[in-house]
Amino acid sequence: MKREIAFFDFDGTITTKDTLLEFIKFSKGSFRFYLGFIINAPYLLAFKLGIITNQSAKEKILRFFFHDTPVEVFKKHCEDFSRSILPKLIRPKAVDEIYKLKQNNIIIAVVSASPENWIEAWAKSLGLELIASRLEVSAGKLTGKILGKNCHGNEKVSRIREAYDLTDYFIVAAYGDTSGDKPMLELAKEAHYKPFN
């Protein structure tokens, strides 16, 4: 018998805000956060105009803020953020839906374009599986690059298929809030777009 599974986007679906932006603000402070985005505005505009990819724009931001950050320092910031800030960003209705599905023995996987580093502890605390972007590390420091592809758009589906043999599962539902979630939503029997807003 096939196991039942559901997939949830994280940023904007389970949370009220983009956690990458909130994490940068938390770890670097508001002044450096806004200054960094002013400096990187040309890359963000190039992304909006379709000149560069989502991944290229994201890596410009990651490199600006985190290039050469020691892993242990980054890990500590992630733990502090996950404990003190993340709970305030979680939508109660999303958690209610997660509990409802879990009561029916449905496997739940969070599939996120944000790095796994600050989502992992939260997902584990609720017994959820996690598929997310991974950050490249070299010589114990972040490079500012994403390891492989950004977990966004069609890559969400690729990563899901990499993690699960979907012939063994019945995908009961998927939840998302942007066009980058639509390929994942198309996998499910029930697609929920901006369900908790």
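Taking region 168-197 as the search range and keeping residues that are among the β-branched types (Val, Ile, Thr) and within 12 Å of Ile5 (Cα to Cα), which one is surrounded by the fewest Cβ atoms within 10 Å (Cβ to Cβ)? Give the steps one after another, and end with the answer.
Going through region 168-197, the residues among the β-branched types (Val, Ile, Thr) turn out to be 171-172, 178.
Then drop every residue that is not within 12 Å of Ile5 (Cα to Cα), which leaves 171-172.
Details: Ile171: 22, Val172: 16.
Per the criteria, the residue is Val172.
Among the residues that make up region 138-158, is at least one of them outside any loop (DSSP other than H, G, I, E, B), surrounded by 16 or more Cβ atoms within 10 Å (Cβ to Cβ), polar (S, T, N, Q) and touching a residue at least 24 places away in the same chain (Cβ under 8 Å)?
Let us first name the residues in region 138-158 that are outside any loop (DSSP other than H, G, I, E, B), namely 138, 141-146, 154-158.
This time we only want the ones that are surrounded by 16 or more Cβ atoms within 10 Å (Cβ to Cβ), so: 141-146, 155-157.
Now restrict to residues that are polar (S, T, N, Q): 143.
This time we only want the ones that are touching a residue at least 24 places away in the same chain (Cβ under 8 Å), so: 143.
Looking through region 138-158, at least one residue is outside any loop (DSSP other than H, G, I, E, B), surrounded by 16 or more Cβ atoms within 10 Å (Cβ to Cβ), polar (S, T, N, Q) and touching a residue at least 24 places away in the same chain (Cβ under 8 Å).
When Ala113 is tested against (1) among the hydrophobic types (A, V, I, L, M, F, W, C); (2) in contact with a Leu (Cβ under 7 Å, 6 or more places away or on another chain); (3) touching a residue at least 60 places away in the same chain (Cβ under 8 Å), only condition (2) is not met. Evaluated against (1) crowded, with 16+ Cβ neighbours inside 10 Å; (2) within 13 Å of Ile85 (Cβ to Cβ), Tyr43 falls short on exactly one condition, (2).
Sort through Asn54, Asn104 and tell me the only one that's touching a residue at least 60 places away in the same chain (Cβ under 8 Å) and touching a His at 6+ places or on another chain (Cβ under 7 Å).
Working: Asn104 fails: touching a His at 6+ places or on another chain (Cβ under 7 Å).
Every option except Asn54 fails the conditions.
Looking across region 78-108, the residues that are surrounded by fewer than 19 Cβ atoms within 10 Å (Cβ to Cβ) and either assigned to a strand (DSSP E or B) or touching a Lys or Arg at 6+ places or on another chain (Cβ under 6 Å) (or both) come down to Leu89, Ile90, Ile107. Out of Ser112, Ser138, Ser133, one residue alone is at pLDDT 95 or above, among the small types (Gly, Ala, Ser) and over 18 Å from Arg63 (Cα atoms). It is Ser112.
Among the residues of region 16-27, how many are within 16 Å of Cys78 (Cα to Cα) and among the β-branched types (Val, Ile, Thr)? Explain how you work it out, then say what you get.
Here is the first cut: in region 16-27, the residues within 16 Å of Cys78 (Cα to Cα) are 18-27.
Subsequent filtering for residues that are among the β-branched types (Val, Ile, Thr) retains 19, 24.
Residues meeting the conditions: 2.
Can you spot a residue in region 112-119 that is in contact with a strand residue (DSSP E or B) (Cβ under 9 Å, 6 or more places away or on another chain) and assigned to a helix (DSSP H, G or I)? Lay out the reasoning, then the answer.
We begin by selecting, within region 112-119, every residue in contact with a strand residue (DSSP E or B) (Cβ under 9 Å, 6 or more places away or on another chain); these are 112-117, 119.
From the residues that got through so far, the ones that are assigned to a helix (DSSP H, G or I) too are 116-117.
Yes, there is a match, as at least one residue in region 112-119 is in contact with a strand residue (DSSP E or B) (Cβ under 9 Å, 6 or more places away or on another chain) and assigned to a helix (DSSP H, G or I).
Residues to consider are Leu44, Leu35, Leu20; find the one that is in contact with a Pro (Cβ under 9 Å, 6 or more places away or on another chain) and not small (Gly, Ala, Ser). Show your work before the answer.
Numbers: Leu44 fails: in contact with a Pro (Cβ under 9 Å, 6 or more places away or on another chain); Leu35 fails: in contact with a Pro (Cβ under 9 Å, 6 or more places away or on another chain).
Among Leu44, Leu35, Leu20, only Leu20 is in contact with a Pro (Cβ under 9 Å, 6 or more places away or on another chain) and not small (Gly, Ala, Ser).
Report yes if Ile119 is more than 22 Å from Arg83 (Cβ to Cβ), buried (at least 18 other Cβ atoms within 10 Å of the Cβ) and either in contact (Cβ under 8 Å) with a residue 24 or more places away in the chain or not β-branched (Val, Ile, Thr) (or both), otherwise no. When the stated conditions are applied, Ile119 does not pass them. Being assigned to a helix (DSSP H, G or I) and either more than 29 Å from Phe65 (Cβ to Cβ) or at pLDDT 95 or above (or both) is not true of Ile171.
Take the residues of region 21-77 that are assigned to a helix (DSSP H, G or I) and polar (S, T, N, Q): which is modelled with the lowest pLDDT?
It comes out as Asn54.
The values are calculated or read from the model by the stated rules, or taken from the named source; none is laboratory data. Keep in mind it's a predicted model, so treat the numbers as computed, not measured. Please note: Cβ atoms are built from the backbone with ideal geometry, for glycine as well, and neighbour counts cover all protein chains shown.
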